[in-house]
Amino acid sequence: MSDTTRLIIVAVGGQGNLLASSVLGEAALLSGVPFRMSEIHGMAQRGGVVESAMVFGKAESSIISDGEADLLVGFEPVETLRALNKCNPETVVITNLTPLPPFTVAIGKGVYPPIETILGLIRGKVRKLITLDATALAREAGNILAVNMVLLGALAQSGILPLNVETIRKAIGAKTKPAFLEANLKAFDLGVRAAA
Amino acid sequence: MHKLLKDDPGAQMVLLGNEAIARGAIEAGVAVATTYPGTPSSEISLNFFQMSQECDLYFEYSTNEKVALEVAAATANCGVRSMCMMKHVGLNVAADALMTLAYVGVKGGLVVLTADDPFMFSSQNEQDNRYYGKLAGLPVLEPSSVEEAKDMVGKAFDLSEALQEPVLFRTTTRINHSTAPVTLGPIAPRKTKGYFQKNPMSYVTVPAVSRTLHVKLLKNLDKALELSETSPFNFVTGKGKWGIVCNGVSYGYVMDALKDLGIGDRVQVLRIGFSNPLPEKKITAFLQSCDKVLVAEEGEPFLEEGVRSIAQGAGLTLPIRGKAPELFSRLYEFDPGMVRKVIAGYFGIDYAPKAKLALTDIPPLPQRPPNLCAGCSHRATFYEVKQAAEGKDVVYPTDIGCYTLGFLPPLGMGDFLICMGGSTSTSCGFSKASDQKVVSFIGDSTFFHSGIPGLVNAVFNNHNFTLVILDNGITAMTGHQPNPGVDMSLFNLGGYGRISIAEVVKALGVQHVSVIKPYKVRKSIEAIREALDFKGVSVVIAEEMCALFAKSVKKAKGKPFMVGDKCKNHRDCVNLLGCPAFYIENDRVKIDSAICVGCAVCAQICPENAIVPMKS
Ligand code: SF4
Ligand code: SF4
């Protein structure tokens, strides 16, 4: 299975996970790397969890079974932890640190664990945990909605995907509306630096 | 230009399965496309809708799937290539038309796409629509990947014309919503006008005609069998004495599993892409070359039963297994690891799966169920109905749409739901068989789809309930498609009519009709109360644009609200309304100004008047 790389991205509806995966798809096309991906649409988008699976390299499947992700990127800490069933001891995990507590917490139907607890639970189990405050970095880049670009930067920097930083930058250019391009690239670069 | 209209054969493009399907149809010269929106098929229609504004393709959002199929049946019988798309349960609505259309047949190619939803990511059941092909006597094609889906659509049109029958094109969510690079082919010219050659003895299905048409259908089915035997969509790969028969996405999982298990040289795979009628000779030959066979298919044992019956006919007794407690399930979706495990177990291959993580130390995490959006007017209406009905014992039948989510806490509005349009007709039943008050909900699009007949029934039979029509001015759940009540000028589109729900309801003879603006809480509660007191059928129409749609057409409300100092922290807003813009910080209710759309509903229900517009 070494000629394939499997990536899971989890986010809360509205965080821009689908744009992030389409940038990666574009980058794979530019680099001539075969890939397939799968997304969940529909009900999940009304504030629920949105998960996308990307398989790079020689494989026919477009979804990823439990324990088989090489890389997990979480846009929200509790969702990163929830998706840990997709990981194995060799997985690299990248997570945003800014929580978006689900509404169930507001109505007292559940407790949001402290960030340190979440990180502690992940850290010991996987090969590597990369953390960054993507929300703060997106703000710094001038577009609070660019959390997805910051995480793409960290992902590019991890070196696990068969795609390089320059190609992903180029793909962002192809997929971004001109008005947001500058802020998006800045956010991406901040992500690269934060994960270095 | 729309990206799917690009005439650039050989170019590669990253496409969603649904985009690839739309592109495949364009390459095949489709000239008419009809649909009722339903996930996972919606993006096919969205792309046709957009393209139809740039070229001579005719596209329409029809009132329901039966209407959509009937429109396409007529155009195809003028010799024009036509396509009709729907989600799996949509075919239940269209089934009445489909069964007899199979008798009548078509002239120009007609592809009927059914998008099945194993695991029910956004559906009320996981029915396997291959059985519809069998029931109607129609050919069924099933792609295994995004790339194949694009090419197969074109072949489906050819097949339909060769047989003069509609072809069922069956996908599953993982085809519709997967993405992969696709190589574009040339775009065939579109033939947008044909001619209807009258011949009542073939087209008017009175019994005398249908008796001969059934004979014709069976002949066509025999022809289909021959084509299935030689179809490149039914192929064998690999060699060895072990056999696997599979279809659709399972094919990919099987191929990955053989590679991972390193048994590619011991297993032959028969991939069935043309699955009704099953290629008997091809399957017999395959079985004869195997010692042992496993059938890998999601959903029902459609292939498995077919293969076993073919084996019986050929006098073959080798083991053929598929669905069994220790093998494949009839429930939910397959995944690559699960398929690999079943294959290894069945053929007795040693294999160690990747070490799973020990996750027992993870505390229960807060759930993140889907929720009505911040400022969604449905939430306001549900709240108001609940207030108006206070103290009454009420049953709340509901229907299919965003508002179905109203059954979740804290609103808890929604007691019974089986299908589109079911709220109006089940209300008739509930009001007859129980002394409880009945208040039912239906959306605008669903009302037009199939809610009207139930309401007609209610008026005629003098039932007793209140129907609340949640008119948010768009088909919201599936991604903001238009419906007959929508003001199309919002899309800057002309040439459409518009139907007033209130006028329809009045014309049906409903004696008590009121229109409320759900953002006006007190007035709405009063109007609903009056409707509830009415004996007989009453209708309340709650009119307020979907909050997401309002944002996208720049008609959003004003400033966000905030919780001020007067708040006494009893949390009526959170516990009774539950707008997702609320959150708790340092044990105080706050409003997230990035999410709040300023509908002011919470401000009206706060008894302390503590919620006020933010000062900019
Ligand atoms: S999409 Fe529109 S109708 Fe649906 S929940 Fe959101 S605001 Fe309400
Ligand atoms: S005004 Fe209140 S109910 Fe309306 S969106 Fe804002 S927080 Fe939600």
Inset, instruction - List the residues of region B:179-195 that lose 30 Å² or more of accessible area once all protein chains are present, compared with their chain alone (1.4 Å probe, heavy atoms only, no ligands or nucleic acids). - result: B:T179, B:P181
Legend entry - Pair B:A594, A:I115: separation of 7 Å Cα→Cβ label points (nm): 1.4
Inset, instruction - Any chance you could run the full-extension gain for B:N569 through B:R266? It's 0.36 nm times the residue separation minus the Cα-Cα distance, nm to one decimal. - result: 102.2 nm
Inset, instruction - Per DSSP H run of n ≥ 4, the term is -39500 (n - 2.57); total these for chain B, divide by its residue number, and report the mean residue ellipticity at 222 nm rounded to 500 deg cm²/dmol. - result: -10500 deg cm²/dmol
Legend entry - Exposure ranking of A:E26, B:E585, A:E90 by accessible area [1.4 Å probe, largest first]: A:E90, B:E585, A:E26
Legend entry - Percentage of interatomic Cα-Cα distances in region B:258-305 larger than 14 Å: 58
Inset, instruction - Determine Rg/Rh for region B:77-197; Rg is computed over alpha-carbon atoms and Rh is the Kirkwood hydrodynamic estimate from the same atoms. - result: 0.98
Legend entry - Proximal lysines relative to B:K590, as straight alpha-carbon distance under 23 Å, when same-chain residues fewer than 8 apart are discounted: A:K109, B:K520, B:K551, B:K557, B:K559, B:K566, B:K568, B:K615
Legend entry - Percent of C-alpha pairs per 5 Å bin, region B:478-610, short to long: 2, 8, 15, 15, 15, 15, 13, 9, 5, 2, 0
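Given 0.36 nm per residue, what is the gain on full extension from B:L227 to B:K555 after removing their alpha carbon distance, in nm?
Gain on extension, B:L227 to B:K555, equals 112.6 nm.
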Inset, instruction - Using only protein heavy atoms and a 1.4 angstrom probe, determine the accessible area buried between B and A, summed over both sides, in Å² to the nearest 100. - result: 4800
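Let's test the formula: R0 of 25 Å, r as the Cβ-Cβ distance of B:R522 and B:D487. What FRET efficiency results, to the nearest 0.05?
Values: r = 27 Å, r/R0 = 1.10.
Efficiency, from the Cβ-Cβ distance: 0.35.
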Inset, instruction - Give me the accessible area of B:T360, 1.4 Å probe, in Å² rounded to the nearest 10. - result: 140
Inset, instruction - Could you tell me which of rounded, prolate or oblate describes region B:1-74, using a ≥ b ≥ c as the square roots of the eigenvalues of the alpha-carbon gyration tensor, with rounded for a/c under 1.5 and, failing that, prolate when a/b is larger than b/c and oblate otherwise? - result: prolate
Legend entry - Amide hydrogen neighbours beyond the local backbone of B:V267, cut-off 5 Å, H modeled: B:K239
Legend entry - Sequence-distant residues sharing a close amide H with B:V245 (under 5 Å, placed H): B:L270, B:L294, B:V295, B:A296
Inset, instruction - For chain A, with a Gaussian network of springs between Cα atoms less than 10 Å apart, report the residue from A:G110, A:G173, A:G57 with the top mean-square fluctuation. - result: A:G110
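Considering every Cα-Cα pair within region B:167-244, what fraction, in whole percent, is farther apart than 17 Å?
Working: 2315 of 3003 pairs.
Looking at region B:167-244, the distances longer than 17 Å represent 77 percent of pairs.
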Inset, instruction - Translational diffusion coefficient, Stokes-Einstein: compute it for region B:183-223 using the Kirkwood radius over C-alpha pairs as Rh, at 25 °C and 0.890 mPa s, and state it as an integer in µm² s⁻¹. - result: 183
Legend entry - region A:83-196: mean projected area of Cα convex hull, nm²: 8.3
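May I ask you to list the GluC sites (Glu not before Pro) in region B:43-74 that are in a DSSP loop and have at most 12 other Cβ atoms within 10 Å of their Cβ? Provide the component values of the computation, followed by the final result.
On the way: sites: B:E43, B:E54, B:E60, B:E65, B:E70; in loops: B:E54.
Qualifying residues, ordered by number: B:E54.
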Inset, instruction - Please calculate the 1.4 Å probe accessible area of B:K356, with all protein chains present, and give it to the nearest 10 Å². - result: 140
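Return the inverse of the average 1/r over all pairs of distinct C-alpha atoms in region B:531-581, which is the Kirkwood hydrodynamic radius, in Å to one decimal.
14.9
Quick check on chain B: what does the Kirkwood estimate of hydrodynamic radius come out to from the alpha carbon pairs, in Å? Walk me through the numbers before you get to the answer.
On the way: mean 1/r = 0.0373 Å⁻¹.
It works out to 26.8 Å.
For the pairs B:K6/B:K191; B:K155/B:K241; B:K107/B:K216, flag any whose C-alpha to C-alpha distance is greater than 23 Å. Could the numbers behind the result be given before it?
Details: B:K6/B:K191 18 Å; B:K155/B:K241 32 Å; B:K107/B:K216 14 Å.
Correct reply: B:K155/B:K241.
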Legend entry - At 1.306 mPa s and 10 °C, Stokes D of the protein assembly as shown from Kirkwood alpha-carbon radius, µm² per second: 56
Legend entry - Residue-by-residue Karplus 3J(HN,Hα) for region B:496-511, coefficients 6.51, -1.76, 1.60, Hz, glycine and proline x: 10, x, 8, 10, 7, 4, 4, 5, 4, 4, 5, 5, 6, x, 5, 7
Legend entry - region B:41-197 - percent of accessible surface contributed by carbon and sulfur, probe 1.4 Å: 57
Legend entry - 1.4 Å probe, heavy atoms, protein only - residues of region B:247-291 losing at least 30 Å² accessible area vs chain alone: B:Y253, B:D256, B:K259, B:D260
Inset, instruction - Enter the mean projected area of the convex hull around the alpha-carbon atoms of region A:66-118, in nm², rounded to one decimal. - result: 3.9
Inset, instruction - With a ≥ b ≥ c taken as the square roots of the eigenvalues of the C-alpha gyration tensor of region B:325-467, please select rounded if a/c is under 1.5 and otherwise prolate if a/b is larger than b/c or oblate if it is not? - result: prolate
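Please calculate how many Å² of accessible area chain A carries per residue, with a 1.4 Å probe and no DNA, RNA or ligand atoms counted. Don't skip to the answer; put the middle values down first.
Working: 7150 Å² over 196 residues.
Accessible area per residue: 36 Å².
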Inset, instruction - For region B:307-463, compute the number of Lys pairs whose alpha carbons are separated by less than 28 Å, excluding pairs fewer than 8 positions apart on the same chain. - result: 9
Inset, instruction - Could you work out the equivalent-ellipsoid semi-axes for region A:1-92, taking the square root of 5 times each eigenvalue of the Cα gyration tensor, largest first, in whole Å? - result: 21, 16, 11
Inset, instruction - May I have the extent of the alpha carbons of chain A along their three principal axes, as whole Å values ordered from largest to smallest? - result: 48, 40, 35
Legend entry - Descending Cα extents along the principal axes, region B:113-164, whole Å: 35, 28, 13
Inset, instruction - With a probe of 1.4 Å, find how much accessible area chain B has per residue, and write the answer as a whole number in Å². - result: 40
Inset, instruction - Return the residues of region B:548-582 for which accessible area with all protein chains present is lower than in the chain on its own by 30 Å² or more; set the probe to 1.4 Å and exclude ligands, DNA and RNA. - result: B:V574
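Only sites in a loop by DSSP and with at most 10 other Cβ atoms within 10 Å count here; which chymotrypsin sites (Phe, Trp or Tyr not before Pro) in region B:188-249 make the cut? Present the calculation step by step, with values, prior to reporting the outcome.
Values: sites: B:Y195, B:F196, B:Y203, B:F233, B:F235, B:W242; in loops: B:Y195, B:F196, B:F233.
Passing both the DSSP loop test and the Cβ count: B:Y195.
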Legend entry - Nonlocal amide H pairs with B:A33, under 5 Å, H built at 1.01 Å: B:Y58, B:F59, B:E60, B:M83
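Would you work out the relative contact order for chain A, in percent, from Cα pairs under 8 angstrom that are 6 or more residues apart?
Working: 404 pairs, mean separation 43.2, N = 196.
Computed over chain A, the figure is 22 percent.
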Inset, instruction - Using just the alpha carbons, could you tell me how many Å³ per residue the convex hull of region B:392-431 encloses? - result: 63
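Other chains' Cβ within 10 Å of A:95-107 residues: what's the mean? Each step should come with its number before you reach the end.
On the way: counts 0, 0, 0, 0, 0, 3, 5, 8, 15, 9, 5, 14, 8.
Other-chain Cβ atoms within 10 Å of each residue's Cβ, averaged: 5.
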Legend entry - With all protein chains modelled, accessible area of B:R571 [1.4 Å, Å²]: 50
Inset, instruction - Could you order B:H2, B:H570, B:H88 so the one with the most accessible surface comes first? Probe is 1.4 Å. - result: B:H570, B:H2, B:H88
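Once whole DSSP H runs in chain B are found, which of them have Cα atoms spread over 30 Å or more along the helix axis and a mean Kyte-Doolittle score of at least 0.5?
Numbers: long enough: B:207-230 (35 Å, -0.13).
Helices meeting the criterion: none.
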Inset, instruction - Give a residue-ordered list of calculated ³J(HN,Hα) values for region B:482-491 (Karplus: 6.51 cos²θ - 1.76 cosθ + 1.60, θ = phi - 60°; whole Hz; x for Gly, Pro). - result: x, 9, x, x, 7, 7, 6, 5, 4, 9
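Leaving out ligands, DNA and RNA, what percent of the accessible area of chain A is carbon and sulfur, probe 1.4 Å? Display every interim value, and only then the final one.
Working: 3950 of 7150 Å².
Carbon-and-sulfur percentage of accessible area, whole number: 55.
Given the Cα-Cα distance of B:D96 and B:K219 and 0.36 nm per residue of separation, how much length would full extension add, in nm? Intermediate results must be reported in sequence, preceding the final value.
Working: separation 123, 0.36 × 123 = 44.28 nm, distance 2.17 nm.
Here the answer is 42.1 nm.
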Legend entry - Percent of C-alpha pairs per 5 Å bin, region B:188-339, short to long: 2, 8, 15, 17, 16, 11, 8, 7, 7, 5, 3, 1, 0
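The values are calculated or read from the model by the stated rules, or taken from the named source; none is laboratory data. Everything quoted here is computed from the prediction, not taken from an experiment. Note that each Cβ is placed from the backbone with ideal geometry, even for glycine, and that neighbours are counted across all protein chains shown. Surface areas here come from the heavy atoms of the whole protein model, side chains and all, with no ligands, DNA or RNA. Shrake-Rupley method; radii C 1.70, N 1.55, O 1.52, S 1.80 Å.
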